[in-house]
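The values are calculated or read from the model by the stated rules, or taken from the named source; none is laboratory data. No experiment lies behind these values; they were computed from the predicted model shown. FYI the Cβ positions are ideal-geometry reconstructions off the backbone, even for glycines, and counts take in every protein chain you see.
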């Protein structure tokens, strides 16, 4: 690295001297501020020509602002433009320069993770971490990730468990019996060499390098057969045939339709939205939405030129074609780099007419809608999130809040509910409920403890992520119960607050006295909205469960009505009152005329017997 020798003159003169000293070689250049912080990282086929253009041409507002702050220039020489592209990605990820376009994805996508342990295991995740593991994906649609894991288990026997492998277990688990794991947990079932081969095969398969894998398996099959190791040869043959089938399916899909990513871009002021329509086999399977906020307005060419390499640096599944609405600088080097990652040629297309251009217009329209959703005028939500950040001492306004409440009848049929608020709205498709177990009477603290631990144990295992803020309906006791559950999961840093109903006071961890906010406070109103929705959802789930229990207990003593007929009645009528109100013909249609008559008679005889009052708590 040319760490920059001292030279005289002001900021602009210093930059000119730095530029004049750059070599005409490929590499990356770094503009630095007066304190030495990296403002911007770029790549170039010729460092001198590219850096000189910043001093000679009219720049887009974002880069013009950057140049007004730049005081120095640094660079790294590479052998090729393709290497410069890769190095630029690495420097952007490591330094996060303020004026570079940094990938920000508002949606999490599933990946298959192959850990770096001595006995690697497969895992499902939605978050890529710098933990030494390998990540394959994203899988679109999301269900393909779990299917890929199951197929890798079936083909290669790589484990999925979280056990510490030391060979000390007396017997293997069910996956061994199902021939879906090589059983490294039990000494003698496999060897480190055999397991390492299985992991390498799984790695090739997940990376899409099935051709390489098929060749290797065929060679192994032939060698084993020649050495008369027929069992090993048969296994290699079966694996080879399955891999060949996967390759054929992939070939058929590419023949049947296009395999492309379609980009739409919308830029307004210092904000941008990018929509990527993911087309596989001629069908749009999913879309990704990416957003940017920064200083100055980027150009579509500049934004895509920086964004596209970041996207494909994070995924092992590359399309055959990438369709962009504008030509970008360095397209040839980008094509070569993408082809190297995919193992076959990848084409960048810039269609201006015809069906492909029409698809890009659809992508652009989708980006416009994404922009409106993400940056719509939502003053109240933004004000509420900012207020919450201040009240709860959060590093930034929360974009993801989850709320918990408990509902029961005198401790019976306790149900804990979870609602999700994300990006300004309640996400009803993500609501969850938890049947609380092993309680003796009313115990809201243990109910909250159970629900919080069950929710975040699974969420952490699957995604590694937790919300920006967890809201508990209740006071200090409920807050401490949630904090205890998170501490057991090793997530003591998760932000948690409790909101008490009567006085609408906010309880914060480590703060002795509750916080009383003005009734009109925007942050308090948002918490009340989430809390009230949590209560409504918990009460509804509790009533459904209580109704099902009442129905079961009322039907238990009726001869001829067992679990299957109870289920049919529950599915058809839902509640005991509706069964009582049903006609003989309606009942007979479900359980037959003789049982219908017996049921009607016994329900009529039992009416009025059980009238003990019940009290709902939520």
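Table for the structure above
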quantity	calculated
Count of the range 209-230 residues which are in contact (Cβ under 8 Å) with a residue 60 or more places away in the chain and crowded, with 20+ Cβ neighbours inside 10 Å	0
Count of the range 52-77 residues which are in contact with a strand residue (DSSP E or B) (Cβ under 7 Å, 6 or more places away or on another chain) and under 16 Å from residue 305 (Cβ atoms)	1
Every residue from the range 509-523 that is under 17 Å from residue 384 (Cβ atoms) and in contact with a helix residue (DSSP H, G or I) (Cβ under 8 Å, 6 or more places away or on another chain)	515, 517, 518, 521, 522, 523
Residue within the range 333-344 that is touching a residue at least 60 places away in the same chain (Cβ under 8 Å) and farther than 30 Å from residue 134 by Cα present	no
Some residue of the range 538-546 being at pLDDT 70 or above, within 30 Å of residue 424 (Cβ to Cβ) and surrounded by 15 or more Cβ atoms within 10 Å (Cβ to Cβ)	yes
Residue tally, condition on the phi < 0 side of the Ramachandran plot, crowded, with 16+ Cβ neighbours inside 10 Å and outside any loop (DSSP other than H, G, I, E, B), over the range 18-43	13
Spans of strands (runs of 3 or more DSSP E) in the range 441-516 with at least 1 residues under 11 Å from residue 404 (Cβ atoms)	469-473, 496-499
Scope the range 177-200; condition part of a loop (DSSP other than H, G, I, E, B) and free of Cβ contacts under 8 Å to residues at least 40 places away in the same chain; matching residues	178, 179, 180, 181, 182, 183, 185, 187, 188, 189, 190, 191
Qualifying residue in the range 125-139 (condition: surrounded by fewer than 22 Cβ atoms within 10 Å (Cβ to Cβ), touching a residue at least 24 places away in the same chain (Cβ under 8 Å) and farther than 21 Å from residue 460 by Cβ)	no
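Residues checked against (1) part of a loop (DSSP other than H, G, I, E, B); (2) surrounded by 16 or more Cβ atoms within 10 Å (Cβ to Cβ); (3) touching a strand residue (DSSP E or B) at 6+ places or on another chain (Cβ under 7 Å):
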residue: 279; (1), (2), (3): no, yes, yes
residue: 286; (1), (2), (3): no, yes, yes
residue: 297; (1), (2), (3): yes, yes, yes
residue: 301; (1), (2), (3): no, yes, no
residue: 310; (1), (2), (3): no, yes, no
residue: 356; (1), (2), (3): no, yes, yes
